[in-house]
Amino acid sequence: MNWTVAGGVRSRLLTGLALGGLVVAFAGGLPPCLPSARAASQRPNILFILTDDQRWDTLWAMPETRHRLVDRGITFTNAFVVNSLCCPSRASILTGEYSHSTGVYTNGRPYGGFPAFNDRSTLATWLQAAGYRTALIGKYLNLYGGTYVPPGWDRWAALEMDPPLGNYYYDYALNVDGSIHSYGHDSADYSTDVLTAKAVRFVRHTRAPFFLYFAPWAPHGPAVPAPTDQNSFQHLKPARPPNFNETDISDKPSWVRQLPILDTQQIRALDHYRRAQLQALLDVDRSVARLLNALRDTGRLRDTVVVFMSDNGLAWGEHRWTNKQAAYEESIRVPLVIRYDALSGQPRRVAQLALNIDIASTFAALAKVSALGSEGRSLLPILRDEAETWRRRFLIEHRTLGGSSPTTFCAVRSRRYLYVAYRSLERELYDLRTDPYELRNRAHDPTLAWVRRRLRTQLHALCNPPPPGMERPPASRERHGVPAFGPDDGAPARSAAAPPP
């Protein structure tokens, strides 16, 4: 079977993903406004907190977030992203669409970044049209820059990311409502604090209903903690899960096999990086508290939906990998907590598969508007504890750029299995119930042949991969009738892969 590409057409409504239920300023001068309790009760305020490169297993390091969100809300223990990279994930959050619909596969040109994103129909435009006051404060999309303010946003304070700096804790610039503001290296310029002050002001002085998209840079690397947190976690124990610096990778695809085993110096650097990321999260944790205090002080906490999430996960040496982009659990799994006092009862943990493409549908349902083109599902039935049926699997996409790792793939993740099909003809299959650390690739295990056939069929129905070459950027909006992968039964490729990142 040949899998073909449908370009990056966001205007179309996809109908082929029904399987498994998949489709379905700031600086001063703002006058204070009294919140409208009636409007908030009918359509709640929405506070969306999106961290950058935060692993799902790091909420323990955020006491305020645990106490005020986890202990009073709903924690999704199986939350994932459908493309584990910053810009594609954020494009999916804003639209509810997969990368094959947004056209944003990567962080850079020509198949990603801000230039590849169609911003005419997003969460912001839907909610603004419904009467919401909207604001984005923090990171928007990679390669975003200039004085342009996308449609749908009443207030805008976005990090300038073109050209990319690599670090946005100090010495950065913000586009504040179309005007560029530069920040230096003083403690007062620490970006999490600067962005939080703007977000708090928006909450305190904006009428209801409002939608605030708060996206600090933390804990993205190279992680830099706030000045008050530089000595935190001094006695942090190293993380050494069974798949850390995996010794036997002979069953892994070639892009993993070419990764050298981590040496002592690299492991020491990883341990330092992990600690720095946790330190950077402490200031985000205080930001969560400040935002919730602002909601409480203005009498709007009960009528506000607060959602905490990360744009993707990150590997800390699992399978020798120290990045994201892979289909492994460390890359695709993210924290997701929702607190909505007016709807939720007792705090609880839920096991349904929740995705970043569900955010748009959920917010649209809260605002009582249509989520045009969204391929996700509203999480409201889960919040109400009324979800009788739910998805059993989802698609993961990745496209490589310039020979980087991992190789281009499509994958299907069910509640029990992960099946990955690479353009290199290599395959991976893991039974996550018996092998949660994905140590044993069973793609060629005859005892799981029936599982492999079933997942292969599902993947062929879901996958809409990018074209194999770079010759047709998504802006062409053309359909491509070229085969993207070879036969599923091909022998694993053993050719040399790209050098490690």
Checklist outcome for this item: Cβ pairs under 8 Å, 6+ apart or interchain, first in the range 135-147 and within 16 Å of ARG109 (Cα to Cα), second surrounded by fewer than 24 Cβ atoms within 10 Å (Cβ to Cβ) and of a type in the set (D, E, K, R), ordered by first then second residue, are LEU143/ARG109; LEU143/ASP162; TYR144/GLU160; TYR144/ASP162; GLY145/GLU160; GLY145/ASP162
Checklist entry - Can you name the residue in the range 29-71 that is small (Gly, Ala, Ser), part of a helix (DSSP H, G or I) and over 30 Å from CYS87 (Cα atoms) and, of all such residues, is modelled with the highest pLDDT? => result SER41
Item to check | Filter result (of a type outside the set (Phe, Trp, Tyr) and either over 19 Å from the mean Cα position of the chain (by Cα) or part of a loop (DSSP other than H, G, I, E, B) (or both)) within the range 408-417 | outcome: THR408, ARG415, ARG416
Checklist entry - Quick check: anything in the range 260-280 outside any loop (DSSP other than H, G, I, E, B), within 23 Å of the chain's Cα centre (by Cα), of a type outside the set (Phe, Trp, Tyr) and surrounded by fewer than 19 Cβ atoms within 10 Å (Cβ to Cβ)? => result yes
Checklist entry - Name the pairs whose Cβ atoms lie under 7 Å apart, with the first residue in the range 246-275 and closer than 24 Å to HIS398 by Cβ, the second hydroxyl-bearing (Ser, Thr, Tyr) and not in a loop (DSSP other than H, G, I, E, B), and 6 or more positions between them or separate chains? => result PRO253/TYR422
Item to check | Residue identified as modelled with pLDDT under 95, within 21 Å of the chain's Cα centre (by Cα), among the hydroxyl-bearing types (Ser, Thr, Tyr) and farther than 19 Å from VAL104 by Cβ among SER424, SER405 | outcome: SER405
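The values are calculated or read from the model by the stated rules, or taken from the named source; none is laboratory data. Bear in mind that the values here come from a model prediction, so they are computed numbers and not experimental data. Glycine also receives a Cβ, built like all others from the backbone with ideal geometry; neighbour counts cover every protein chain displayed.
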